[in-house]
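Working notes for the structure below.
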Amino acid sequence: MTDPSSAQPAPPGCPAHTDAVRLAGLEYQQTPSQLYRAMRREHGAVAPVLLDGDIPAWLVLGYSEVTYVTSHDELFARDSRRWNQWENIPADWPLLPYVGYQPSVLFTEGDEHRRRAGVITQALEGVDQFELARNCQLIADRLIADFAGSGQAELMTGYAHALPMRAVVQMCGMPTSGEDTQQLVEDLRISLDAAEGDDPVAAYGRVGERLRQLVKDKRESPGPDVTSRMLLDPAGLTDEEIVQDLISVIAAAQQPTANWICNTLRLLLTDERFAVNVSGGRLSVGEALNEALWLDTPTQNFIGRWAVRDTQLGGRQIRAGDCLVLGLAAANTDPQIWPEAHVGAENAAHLSFSNGEHRCPYPAPLLADVMARTAVETLLERLPDLVLSVEPETLTWRPSIWMRGLTALPVQFTPVVQ
């Protein structure tokens with residue numbers, strides 16, 4: 001994102017944004033909350049922005065405004081085919097995996113959305129949370145054993161990303177290791193949060209191919225897993241519908257949960273309120289997990305909603321077909337709800353799992369909490385003298401406007417002999 005003072009004129013067809021702000025830039029690496037506050041002062045609760053390629057959109061910054069948008073599907077819908085900018089979108093546009101229409105639960109509306117979301121809910125409700133916690137602890141123990149003897153580790157790649165990946169693919173009936181699984185996770189990362197030189201459109205295609213094979217295999221030989229339960233659901237989803245919805249389930253569970261784990265560990269290792277937590281301190285791991293959702297939510301921004309008709313929002317004139325980006329991180333730190341800039345760790349009214357009919361389907365947030373809590377608690381129990389191996393201010397955030405996660409979390413501890 002650029003400073004508002006360096007805003008550029010909008011391209012032809014843009015709804016009268018001469019002061020639109022580009023959603024790009026290295027400023028996102030460190031303190032996006034300050035940028036959101038600056039944007040709110042300059043533009044109000046709804047800001048005109050430019051996506052990749054200077055495609056116009058609106059960024060919804062206010063807590064009440066995000067809540068309103070997500071609660072009024074009749075005004076702000078999910079089917080991206082409504083977008084009034086498609087004629088300006090190139091075939092290799094990097095955000096196509098987010099907004100290109102797919103026969104996925106993400107883009108369905110009304111009764112069809114309730115049908116599709118119901119299948120996901122039923123499949124996830126079949127996951128035993130106690131069994132999931134046990135599996136996550138076993139995965140955590142194996143991952144920790146790989147580096148416990150060295151006295152040092154980089155937790156982002158060696159632990160925080162690996163644990164939910166293995167847990168999620170196991171839930172879906174895939175092997176927890178192997179080249180296919182590793183490639184699937186890497187392609188999900190590229191499609192959700194591409195780095196320079198990545199091809200997110202091609203990566204998304206490979207994800208679909210891998211999951212089509214999984215659905216084919218489970219159709220022939222079902223098991224006690226999420227994929228099989230979706231296939232056997234009486235709603236009768238087609239194989240392609242299940243593939244698309246599995247992409248949504250796995251993508252929503254893996255990378256955001258990994259960032260939630262790592263962001264919580266960063267908080268525990270750098271904030272003096274949590275410094276004595278391992279030896280029975282004042283604040284719990286649960287409170288740290290919740291505070292991380294408020295202040296460093298794994299999904300900063302979500303694209304998006306599309307206006308069904310001309311309407312007003314936050315004092316702005318929204319035209320039919322305009323794209324709205326949900327500023328979840330900005331909403332969570334809205335000074336209107338936290339006037340003293342103090343977030344209560346015990347308050348769970350954040351928007352990190354979105355809101356309304358299109359929020360993360362129950363019980364997905366509970367399963368994510370099981371994975372994240374087990375990952376953090378197991379690590380702190382196994383390595384009780386864990387500390388950062390670098391100065392806290394040298395930790396860097398990935399330069400993404402969509403995800404909030406560290407590039408690395410290096411730590412050190414007393415080596416543990418296995």
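Between ASN84, THR67, THR257, whose Cα lies farthest towards the positive end of the dipole of the chain when Lys and Arg beta carbons carry +1 and Asp and Glu beta carbons carry -1, centred on the Cα centre?
Most positive-ward Cα: THR67.
State whether region 367-412 is rounded, prolate or oblate according to the following rule on the C-alpha gyration tensor (a ≥ b ≥ c being the square roots of its eigenvalues): a/c under 1.5 gives rounded; otherwise a/b larger than b/c gives prolate, and the remaining case gives oblate.
Working: a/c = 4.16, a/b = 1.15, b/c = 3.61.
Oblate is the answer for region 367-412, as a/c is 1.5 or above yet b/c matches or exceeds a/b.
Pull out the extension gain between ARG142 and ALA24, defined as 0.36 nm times the separation in residues minus the alpha carbon to alpha carbon distance; nm, one decimal.
Contour length minus the Cα-Cα distance gives 38.7 nm.
Give the share of C-alpha pairs in each 10 angstrom bin for region 141-256, from 0 to the last occupied bin, in whole percents, shortest bins first.
Per 10 Å bin, starting at zero, the Cα-Cα P(r) for region 141-256 comes out as 13, 42, 30, 13, 2, 0 percent.
If you scale each eigenvalue of the Cα gyration tensor by 5 and take the root, what three semi-axes come out for region 93-199, rounded to whole angstrom and sorted largest first? Working shown, then result.
Numbers: eigenvalues 179, 96, 20 Å².
Equivalent ellipsoid of region 93-199: 30, 22, 10 Å, largest first.
Within region 63-172, report the GluC sites (Glu not before Pro) that DSSP leaves as loop and that have at most 16 other Cβ atoms within 10 Å.
On the way: sites: GLU65, GLU74, GLU87, GLU109, GLU112, GLU125, GLU131, GLU154; in loops: GLU74, GLU109.
In loop regions of region 63-172 (DSSP not H, G, I, E or B), the sparsely surrounded GluC sites (Glu not before Pro) are GLU74, GLU109.
Given a 1.4 angstrom probe, what's the average accessible area per residue across the chain, in square angstrom?
Values: 17470 Å² over 418 residues.
Here the per-residue accessible area is 42 Å².
Kindly identify region 40-136 as rounded, prolate or oblate by the Cα gyration tensor criterion: order the square roots of the eigenvalues as a ≥ b ≥ c, call it rounded if a/c is under 1.5, otherwise compare a/b with b/c, prolate if a/b is larger, else oblate.
Prolate, since a/c reaches 1.5 and a/b exceeds b/c.
Let me check against my output: what whole-number percent is the relative contact order of the chain, with C-alpha pairs under 8 Å and at least 6 apart?
Values: 718 pairs, mean separation 103.8, N = 418.
RCO, the chain: 25 percent.
Specify which residue in the list ALA20, GLN312, LEU267 is farthest towards the positive end of the charge dipole of the chain, using unit charges on the beta carbon of Lys, Arg (+1) and Asp, Glu (-1), about the Cα centre.
The residue sitting most towards the positive pole is GLN312.
Using a basic spin-label model with each label point 7 Å from the Cα along Cα→Cβ, how many nm lie between GLN183 and LYS216?
Once both label points are built, they end up 1.4 nm from each other.
Of the accessible area of the chain, with the probe set at 1.4 angstrom, what percent is carbon plus sulfur? Don't jump to the answer; show the numbers that get you there.
Values: 9020 of 17470 Å².
That share works out to 52 percent.
What's the magnitude of the charge dipole for the chain around its Cα centre, counting Lys and Arg as +1 and Asp and Glu as -1 at the beta-carbon? Answer in Debye, nearest 20.
Details: 33 positive and 55 negative charges, 81 e Å.
Dipole of the chain, to the nearest 20 debye: 380 debye.
May I ask you to derive the FRET efficiency for SER64 and LEU232 from their Cβ-Cβ distance with R0 = 51 Å, giving the value to the nearest 0.05? Spell out each step's value before the answer.
Numbers: r = 41 Å, r/R0 = 0.81.
The computed FRET efficiency comes out at 0.80.
Which whole-number percent is the relative contact order of region 291-381 (Cα, under 8 Å, 6+ apart)?
Working: 89 pairs, mean separation 24.1, N = 91.
Once normalised by length, the contact order is 26 percent.
Is the chain rounded, prolate or oblate when judged by the Cα gyration tensor, a ≥ b ≥ c being the square roots of its eigenvalues, rounded requiring a/c under 1.5 and prolate requiring a/b larger than b/c?
Numbers: a/c = 1.74, a/b = 1.19, b/c = 1.46.
Taking the square roots of the gyration eigenvalues as a ≥ b ≥ c, the chain is oblate.
The values are calculated or read from the model by the stated rules, or taken from the named source; none is laboratory data. These figures come from a predicted structure and were not determined experimentally. Using ideal geometry, Cβ is built from the backbone for each residue, glycine included, and neighbour counts are taken over all protein chains shown. To get the accessible areas, we keep the full protein, side chains included, count just its heavy atoms, and leave off ligands, DNA and RNA. Shrake-Rupley method; radii C 1.70, N 1.55, O 1.52, S 1.80 Å.
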